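The values are calculated or read from the model by the stated rules, or taken from the named source; none is laboratory data. Note that the structure is predicted; figures quoted are calculated from it, not measured. Positions of Cβ are backbone-derived with ideal geometry, glycine not excepted, and every protein chain shown enters the neighbour counts. Ligands, DNA and RNA are excluded from the accessible area calculation, which covers all protein heavy atoms including side chains. Shrake-Rupley method; radii C 1.70, N 1.55, O 1.52, S 1.80 Å.
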Amino acid sequence: MAKDEFDELDILRNAKTPAPDAAARARALAAAMTAFDEAEKISSVPQGSSRASRLTDRTMRFWREMMQKKLVAAPALAGLVALPVAGYVGWQVMEELRLASAPGDAFVETKAPERQRVEAPAQEAETAARGIGDALVAQPAPPPPAVFNRATRDMQVGGHAVSKHLAVPAPAAVSPEPFATREDRERFEAFGTNPVRSALESPVSTFSIDVDTASYAFVRRALKEGFLPDRDSVRVEEMINYFPYDWPGPQSAQMPFNASVTVMPTPWNEHTRLMHVAIKGYDIAPAEKPAANLVFLIDTSGSMNSADKLPLLKNSFRLLVEKLGAEDTVSIVAYAGAAGTVLEPTKVSDKGKILAALDRLEAGGRTAGEAGIVEAYRLAEASFVEGGVNRIMLATDGDFNVGQTDDAALKRLVEEKRASGVYLSVLGFGRGNLNDAMMQTIAQNGNGVAAYIDTLAEAEKVLVEEASSSLFTIASDVKVQVEFNPARVAEYRLIGYETRGLAREDFNNDKVDAGDIGSGHTVTAIYEITPVGSPARMIDDLRYGEAGREQGQDAADAGEYAFVKIRYKAPGEAASRLIETPVTDADAVPSLAAAGDDLRFSVAVAAFGQKLRRADAVADYGYDRIMEIAAAARGADPFGYRAEFLSLVRLASALDGKR
């Protein structure tokens, strides 16, 4: 390189930067205002955005005028402006790409968001002209996504219906959500699988019934999103009890439920048998249903700000309101950073007022769940209906972070409050930070049910089709105790109910809380039992156990496998009642094929749940075998639940890579 070229570079390097020129600054501001005025004149709405011009067109035009026409005479000022304005252009380009790709953003409110953006380009230019050291004008947050309300056929933006004010009609369908990635922030209670027990050493098994169904919905969501569920999210009894079964029920309300037992071969182990216990609650006729006093306790914190949370929650409660009678009462409490009453107790005859209160709810802030629970109990107690249904319906993702957030403390709170006769049920929503452990704790101890709602169809199942069983309790503190005859049964294990186990002495203690049965509820429990002399035995005999064997000899002569006892309390009673059922050879069927469709289908679900939990008992049992049993036992399937189950087994098989 020639010496004179070095001299020219030195001159440029040592030259002082000119001071900012006030006239150039004024020209930059004028150019920005001109660009904005031109954009305002565009009236057509581009595809994928409700703004009055394409963001990139407007920004690029502003950039050209700033850099090519107005600032050529002031290169120093152009250098100062280039960096912040280039950043602004990049931000706007990315924003348009987001709008074009987001399925829910095609419909948004136009007025308020546009006002927020009105002076942004001009302010950017003016701030840039002052120097890089000055703070940039903060960009406004993008407007909330629109959500299509399937129940009302309206578009919802930020909790408000806007479809009537749009230039284009609301779509007839909503595009599916993009494929979800697995989240690891969800909380499930960790628990082990029930072990095999010796009938000689531990002949008695005791547990509380469980009518919850949340686990099945968790499993379905996970499989449809493309991954195997967390094993702690799989509670086998909840999967079995998700499905309606036609178990034989009681003939009158004087006997709140009926229990039937069947012994059959085990499909996954030829050397064991299954003892199937089926309970069916009395189904209250519509004319006999008591009045309902319901409090909707709704989480409106910032964590609920997604389409599968608050918008779905509001539509779900709309379905429930449509199901209630005109004389039933609804109150609404919402909580975020604090809790407050949104709707005082209101008769369902004034349905419009209730639905309007739901529509006004918006998400934002932290989560004061404890304060919301306290306020909900206050309203429920103030409107208490003697002899009726007094229940709080807590709808949340469980992310409590203000006030009392400890599960044990919340458990104590609902335990104290249930003595008032007000029960608490929990409806879980959303994914990502779902706190199932907390929801299970307060539902179990609040004498309520726990369900997970991932779709509006699931909301219809839980709150419409099964409203009677979810709301109207026919028996409380229902406990099951099975005593096995060691002369006939060498070993046993209870499939599921790990989180519902009770001590043997708890069965006769009426102060110990247990699960409730609602109108028409079905509850199923399955034991895998190993007959005496079977090669499937896993536990050696006791050296000094002959005395224990002799104690069961009389029962063995009678042909008993086991003796089933059920304790329950009738509504409003403090003392429990007892039902006893011996299990004999008369209850056995020779083959699985000889069992009814409902029996076989429930066994297929039990096998699937164990498979997802990686239980050793079904490690060598293939998904294809589960499919065979379930498909053959599908039956009438009026709501398509069993067909959906078959599709989930296929998905799990593909994801697990095993047949």
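Observations, loosely collected:
- Here the stretch 309-362 and the stretch 607-659 have alpha carbon centers that stand 38 Å from each other.
- Rounded if a/c under 1.5, otherwise prolate or oblate - the stretch 334-470, Cα gyration tensor axes: rounded
- Solvent-accessible area assigned to carbon and sulfur over the stretch 403-552 amounts to 44 percent, based on a 1.4 Å probe.
- Residues with amide H under 5 Å from that of Asn435, placed H, sequence gap 5 or more: Arg187, Gly398, Asp399
- Stretch gain in nm, segment Asp585-Arg185, where the contour uses 0.36 nm per residue and the Cα spacing is subtracted: 139.1 nm
- Calculated FRET efficiency for the pair Tyr544/Leu456, C-beta based, R₀ 51 Å, to 0.05: 0.25
- Multiplying the residue separation of Arg412 and Ala26 by 0.36 nm and subtracting their alpha-carbon distance yields 132.2 nm.
- Burial order of peptide ranges 278-290, 579-591 (average beta-carbon count within 10 Å, highest first): 278-290, 579-591
- Shape analysis of the stretch 420-484 yields a ratio of the Cα radius of gyration to the Kirkwood radius, Rg/Rh, of 1.04.
- Amide hydrogen proximity for Ser331: with H placed 1.01 Å from N in the peptide plane, the residues at 5 or more positions away or on another chain lying under 5 Å are Leu294, Val295, Phe296, Thr346.
- Listed peptides 353-365, 531-543 appear in the order 353-365, 531-543 once ranked by packing, highest mean of other Cβ atoms within 10 Å at the front.
- Among the protein heavy atoms of the stretch 595-659, carbon and sulfur supply 50% of the accessible surface, probe 1.4 Å, non-protein parts ignored.
- Whole-Å semi-axes of the stretch 603-659's equivalent ellipsoid (Cα gyration tensor): 20, 12, 9
- Highest mean packing first, where packing is the average number of other Cβ atoms within 10 Å per residue, the peptides 508-514, 479-485, 213-219 line up as 213-219, 479-485, 508-514.
- For the stretch 320-388, fraction of C-alpha pairs farther apart than 15 Å, in %: 56 percent
- Label-to-label distance for Val204 and Glu288 is 3.3 nm, based on points extended 7 Å past Cα in the beta-carbon direction.
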